[in-house]
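The values are calculated or read from the model by the stated rules, or taken from the named source; none is laboratory data. It should be emphasised that the depicted structure is a prediction, and the values quoted were computed from it without experimental measurement. Cβ placement follows ideal geometry from the backbone for every residue including glycine, while neighbour counts extend to all protein chains displayed.
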Amino acid sequence: MTLKRRTFVQAAAALASLDATRLAFAADTVKIGYVSPQTGPLAPFGEADKWVIDQMKTAFKDGLTIGDKKYAVQILLKDSQSNPNRAGEVANDLILKEKVALMLTGGTPETGNPVSDACELNETPCISSVVPWQPWFFGRKGDPAKGFNYTYHMFWGLEDVIANYTNGWNSVKTNKKVGGLFPNDGDGNAWGDPNLGFPKPLASMGYTLTDPGRFQSGTQDFSAQIAAFKKDGVEIVTGVVIPPDAKTFLTQAKQQGFKPKVITLGKALLFPGAIEALGDLGDGLTTEVWWSPSHPFTSSLTKQSAKALADSYEAGTKKQWTQPIGFAHALFEVAADVLKRSKSVAASDVRDALAATNLATVVGPVKWGGQGPFKNVSKTPLVLGQWGKGKKYKMELTIVNDEAAKSIPTGGTIRLM
């Protein structure tokens, strides 16, 4: 009896071991890395990421078939802490220690560029976003004749933001005198660049630009800039600053009696939280709109419209929708599409599938090699929005000019401050 029982136990153990081996083999895991600023001054760019990743865990619950093999999907989120050095470090960890098959990243050049550089160096396929393509491409010393081998980007360019800003300004009466706030960082240096940035196109359109020079993000005193703008009779203020700098500038401008007719800023005015922090100073500010519930696009992954996605975010988080939701979601749409089309999880196969992408996403069509200036850049549409007193929320963003992307409807026209 003892011998029979022992034989049975051994046989059962062997079967259990075999089943566990089969299960482990059947459930190989493909890892997707994601680096964004979860903390630090750029954290609003990453605010929606955890919610989007929770949504993706549901979307990927049954795994993905890559080649002829089924894989469980693991998403690894890392915080760049709004620091380029930290972004590069966590990217290297994901590549070298976690062996991710595909990297996703977004949230200004301070995160997107070092992550893309780490991926290019280590031959790891990477999709980046939420950086205008010029600071992403030229900021990484990209050669237009060669491009990059493993890093691909989806976003708009400075030409699009300049077109939207000037379309808005041209629709109201001003003296065409513009003051520029360009910090000493990846975005500021690109926006203020004499050839690639704002100066040349503004001059060609009859605008006069006052650029008092670069300043460090986090500065506590904008008196020199305000004095220069007042001296030159500036009626339009533009630039690309972090939210705390926008608050400092706007507060000091009011204190010092500087009252421009139009204030159009990139980066700082994108997020509801930043606008709320400004109080009444936020009313009438204008900014670029890369994604909104009004965008006429649908997710290839969840089949949600842009409005349904924004509504779902608001219901799930009890927070107002924010622009990065769409691009965080779209990064995973493209990732899923790429992996499904890849012959295997080998880096070169994933890269080849990535380069061949042609997908309708919740932020618009994404296609590399034909929808951008270089093979690694796929441009997405851009419109102009203005903040004002809202119905559901204290301040709401309305699209006020769509001349650059007619498929996206407006909800009003621009008004002076």
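Of note:
- Checking the stated criteria, Phe60 turns out to be under 22 Å from Ser129 (Cα atoms), modelled with pLDDT of 95 or more and touching a strand residue (DSSP E or B) at 6+ places or on another chain (Cβ under 8 Å).
- Residues located in segment 91-135, provided they are over 20 Å from Pro373 (Cβ atoms), among the charged types (D, E, K, R) and touching a strand residue (DSSP E or B) at 6+ places or on another chain (Cβ under 6 Å): Glu98
- Some residue of segment 322-335 being outside any helix (DSSP H, G or I) and either closer than 30 Å to Thr398 by Cα or in contact with a Phe, Trp or Tyr (Cβ under 6 Å, 6 or more places away or on another chain) (or both): yes
- Any hit, segment 354-368, residues being surrounded by 21 or more Cβ atoms within 10 Å (Cβ to Cβ), at pLDDT 95 or above and among the charged types (D, E, K, R): no
- Filter result (surrounded by fewer than 17 Cβ atoms within 10 Å (Cβ to Cβ), under 25 Å from Met154 (Cβ atoms) and of a type outside the set (Ser, Thr, Tyr)) within segment 370-410: Gly370, Gln371, Pro373, Lys375, Glu403, Lys406, Pro409
- Of all residues in segment 50-106, those being crowded, with 23+ Cβ neighbours inside 10 Å and among the basic types (Lys, Arg) number 0.
- When segment 249-274 is filtered for residues that are within 15 Å of Pro324 (Cβ to Cβ) and of a type in the set (A, V, I, L, M), the ones remaining, listed by number, are Ala268, Leu269, Leu270, Ala274.
- Every pair of residues 6+ apart whose Cβ atoms lie under 8 Å, when the first sits in segment 257-280 and is not assigned by TED's automatic domain parsing to the domain that holds Trp191 while the second is of a type in the set (Gly, Ala, Ser): none
- Residue check, Asp352 within 27 Å of Ala308 (Cβ to Cβ) and among the charged types (D, E, K, R): no
- Gly239 vs. criteria in contact (Cβ under 8 Å) with a residue 40 or more places away in the chain, in contact with a strand residue (DSSP E or B) (Cβ under 7 Å, 6 or more places away or on another chain), in the same structural domain as Gly180 (by TED's automatic domain parsing) and buried (at least 16 other Cβ atoms within 10 Å of the Cβ): yes
- Residue identified as of a type in the set (Gly, Ala, Ser), outside the structural domain of Lys247 (by TED's automatic domain parsing), surrounded by fewer than 21 Cβ atoms within 10 Å (Cβ to Cβ) and within 20 Å of the chain's Cα centre (by Cα) among Ala335, Ala308, Ala330, Ala315: Ala308
- Hey, Lys303 without any contact (Cβ under 8 Å) to a residue 12 or more places away in the chain and part of a loop (DSSP other than H, G, I, E, B) or not: yes
- Within segment 336-356, being within 21 Å of Trp291 (Cα to Cα) and either part of a strand (DSSP E or B) or in contact with a strand residue (DSSP E or B) (Cβ under 6 Å, 6 or more places away or on another chain) (or both) holds for one residue alone: Asp337.
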